[in-house]
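The values are calculated or read from the model by the stated rules, or taken from the named source; none is laboratory data. Small disclaimer: the values here were computed from a predicted structure and weren't measured. Don't worry about glycine lacking a Cβ; one is built from the backbone with ideal geometry, like all the others, and counts go over all protein chains shown. These area figures cover heavy atoms from the full protein model, side chains too; ligands, DNA and RNA do not enter into them. Shrake-Rupley method; radii C 1.70, N 1.55, O 1.52, S 1.80 Å.
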Amino acid sequence: DFQIAPGVETDMGDGDQWPQLREKVLDADILLISTPVWLGHPSSITQRVLERLDAELSENDEQGRPQMAGKVAVVSVVGNEDGAHKTIADVFQALNDIGYTIPAQGGTYWNGAAMQSTDYKDLDEVPQAVASTTAAVARNAAHLARVLKKSEYPPYE
C-alpha cells in the first residue's frame, strides 16, 4: 500500500513513503514482519523493508546502543510450499543484526499443501496448531517487550 523506494537510507527522496512508516516502526515496541514464502524466500516487499531497516545499523541512542535495541521483533509466514523455517530464520537474522530482540517461539507459520491452490485467507478457520503458536508468539513478544521497557540493555559506552 506504500511506495517504499529501494535503498538503505532512512529517506530515499522524492515519493518515498518509508520515512512515514519508519516513524511508526521507531514508535513501536514490537515489530511484526509477515510475509508469504515465495520460492523458499520472503517476498520482495519484505526484503525491501529489511533493506530500509538496514539504515538503522548506523543509528544509536544516547547510550551508544543500536536504535532498535530494546525493541522486539516477531515473524509470521504463509505459503503453499516448504521454506517457512528458512524464511523465518532469514528474517530473524536480519532483524537481529539491526538490533531487535527475538522472543522465545517468536515465529509462526502456515504452509498449505505444496503446489496446491488453497490459500490461508481461504481457510474456514485457523488450524489449532497455528492458533496456539500465534498466541504464544503474541504472549512471549508482549512479555519480552515489557521486560525490556523495565530493564534496558546496558550502555555500549
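Checking Leu57 against (1) open to solvent by less than 30 Å² (accessible area, probe 1.4 Å); (2) touching a strand residue (DSSP E or B) at 6+ places or on another chain (Cβ under 8 Å); (3) outside any loop (DSSP other than H, G, I, E, B); (4) not charged (D, E, K, R), which single condition isn't satisfied?
Result: Leu57 passes all but (1).
Hey, could you check region 95-113 for residues that are open to solvent by 20 Å² or more (accessible area, probe 1.4 Å) and part of a helix (DSSP H, G or I) and say which is nearest to Asp29 (Cα to Cα)?
Of everything passing the filter in region 95-113, Asn96 is nearest to Asp29 (Cα to Cα).
Look at Gln116 and say whether it is modelled with pLDDT of 95 or more, farther than 17 Å from Val25 by Cβ, open to solvent by 80 Å² or more (accessible area, probe 1.4 Å) and not acidic (Asp, Glu).
So Gln116 fails the test.
Looking at region 98-143, which of its residues are out of contact with any Phe, Trp or Tyr (no Cβ under 8 Å at 6 or more places or on another chain) and within 17 Å of Gln67 (Cα to Cα)?
Ile98, Gly99, Tyr100, Thr101
Of the conditions (1) open to solvent by 70 Å² or more (accessible area, probe 1.4 Å); (2) assigned to a loop (DSSP other than H, G, I, E, B), Thr10 clears all except one; give me its number.
The failed condition is (1).
Going through region 127-154 one residue at a time, which ones are of a type in the set (A, V, I, L, M, F, W, C) and either within 23 Å of Ala89 (Cα to Cα) or surrounded by fewer than 10 Cβ atoms within 10 Å (Cβ to Cβ) (or both)?
Ala129, Val130, Ala131, Ala135, Ala136, Val137, Ala138, Ala141, Ala142, Leu144, Ala145, Leu148
Going residue by residue through region 37-53, is there one that turns out to be open to solvent by less than 50 Å² (accessible area, probe 1.4 Å), closer than 22 Å to Asp122 by Cα and in a loop (DSSP other than H, G, I, E, B)?
Yes - at least one qualifying residue is present in region 37-53.
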